[in-house]
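Values quoted throughout were computed directly from the atomic coordinates according to the rules given, and no laboratory measurement underlies them. The structure displayed is predicted, hence computed values, not measured ones. Note that we place each Cβ from the backbone using ideal geometry, even for glycine, and neighbour counts take in every protein chain shown.
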Amino acid sequence: MPPERSAETLEPGDLPDIPRPREQTALVGHGEAQAAIAAAIGSGRLHHAWLIGGPRGIGKATLAYRVARWLLAHPEAGPVPDDLEVPAGHPAARQVAILSHPNLKALRRTKPPGAKSLPTKISVDAARKALELFGATAGGAGYRICIVDSAEDLNVNSANALLKMIEEPPPRSLFLVVSHAPGRLLPTIRSRCRALSLRPLGAGEVAQVIGGFPNPFVQPEPAALARAASLCEGSVARAVALLDPATAGLVTEVETLLARLDHPDWRRILALADKLAGRDADDLFAASLDTVFRFVSDELHRRRDEPPARLAALVEVCDGIARAAAEAATYNLDRRPLVLSLFGDLAASMRTPA
């Protein structure tokens, strides 16, 4: 059962009533990735830095903690199973779950004492504090491990602090760098890491993960779970969001409006824009964009036999939506104009003549 959490212990990516990655001893999927790391451990030539990349919510951090758990539970060389399984009751598993193992540090955004919210970036002071681990002798002669979750949260200074340590790693040190967009990281960091790319989970695997969540998580109805798993593009985090009634209802509304682009219902579109403009609507706005991008992807697939020139307008509109959404997030802009132009531009692109 996930421990009770308060606002003071909030962490990035927390989902209500769901165990955090370090608290989960099971990992669904990613067998090839596990086997690759297991083989490296067993060979005695484990690379000191791994860049674990892939979309959000597919199990990257869960894999990183699974690797750390095995190494901390088995400091001496020996046989290494492909699945890196460590029982939940093992002392190392309990220590990893609460980040109390002396040879493990998690470099992530944390809420400073007295602060009202999480910082937007990992500060250089936080990075230096976490990296102090590598200035000491590892307890039990095992690996010293730092999990970066996620690299996108590093600012320029904290990224450079990490880079310096990765460039000159102490013996038996390991850096597991989780990244949702590895291509955007400092090239110098990427070049010093072994890349491990994880693919999105299948719908059945997403359903398996959610079905394994313990109480107090309330298991959804089978039909709702199947729909969420089919729409989440392999991300458990997205599937959980889609199980929320408010999010599911909004996705249905966006799908309905997109299906009527030949005759846009501007009254309902305006109501949607008002709903997505609220300060507490970040998750709903993200779900709306996911629905739009999924619609465009499906439309491009449906029309794949048409000449590329006929599809160019739709692709350009999709790119424009992504840029406008990024600007709105960066500069905290009103989302209403974005939502209205989104539907207008999509409707115009669908009418593009042959």
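Observations on the model:
- Among ASP290, ASP17, ASP319: highest mean-square fluctuation, GNM of the chain, C-alpha pairs under 10 Å: ASP319
- Residue order, fewest to most surrounding Cβ atoms within 10 angstrom, among THR9, THR62, THR291: THR9, THR291, THR62
- Relative exposure of LYS275, LYS60, judged by other C-beta atoms within 10 Å (fewest first): LYS275, LYS60
- Projected label distance in nm at THR252 and THR330, using a 7 Å step from Cα toward the beta-carbon: 3.7
- Residue among ALA328, ALA64, ALA106 with the largest mean-square fluctuation in a Gaussian network model of the chain, springs linking Cα atoms under 10 Å: ALA328
- Convex hull volume per residue in cubic angstrom - Cα atoms of segment 7-197: 118
- Using the Cβ-Cβ distance between GLU152 and HIS263 with R0 = 35 Å, the FRET efficiency computed as 1/(1 + (r/R0)^6) comes to roughly 0.30.
- Across the cross-link table entries LYS121/LYS164; LYS116/LYS164; LYS121/LYS275; LYS60/LYS116; LYS60/LYS275, which are compared at the Cα atoms, the separations over 25 Å belong to LYS116/LYS164; LYS121/LYS275; LYS60/LYS116; LYS60/LYS275.
- Three principal axis extents describe the C-alpha atoms of segment 30-119; from largest down they are 47, 30, 23 Å.
- Extension reserve of the GLU76-GLU221 stretch, reckoned as 0.36 nm per residue once the Cα distance is removed: 47.6 nm
- Computed over the chain with a Gaussian network model linking Cα atoms closer than 10 Å, the most mobile of ASN155, ASN103, ASN332 is ASN332.
- For the chain, the longest principal axis of the alpha carbon atoms and the long axis of helix 31-43 meet at an angle near 20°.
- Label-reachable residues, segment 331-351, where backbone N falls under 16 Å from a point 7 Å from LEU270's Cα toward its Cβ: 336-344
- Among TYR143, TYR331, sorting on how many other beta-carbon atoms sit within 10 Å of each Cβ, with the fewest leading, yields TYR331, TYR143.
- About the Cα centre, charge dipole magnitude for the chain (Lys/Arg +1, Asp/Glu -1 at Cβ), debye: 840
- Taking 7 Å steps out from each Cα toward its Cβ at ASP298 and ASP14 produces label points 3.5 nm apart.
- Farthest toward positive dipole pole in segment 244-350 [+1 Lys/Arg, -1 Asp/Glu at C-beta], among TYR331, LEU314, LEU250: LEU314
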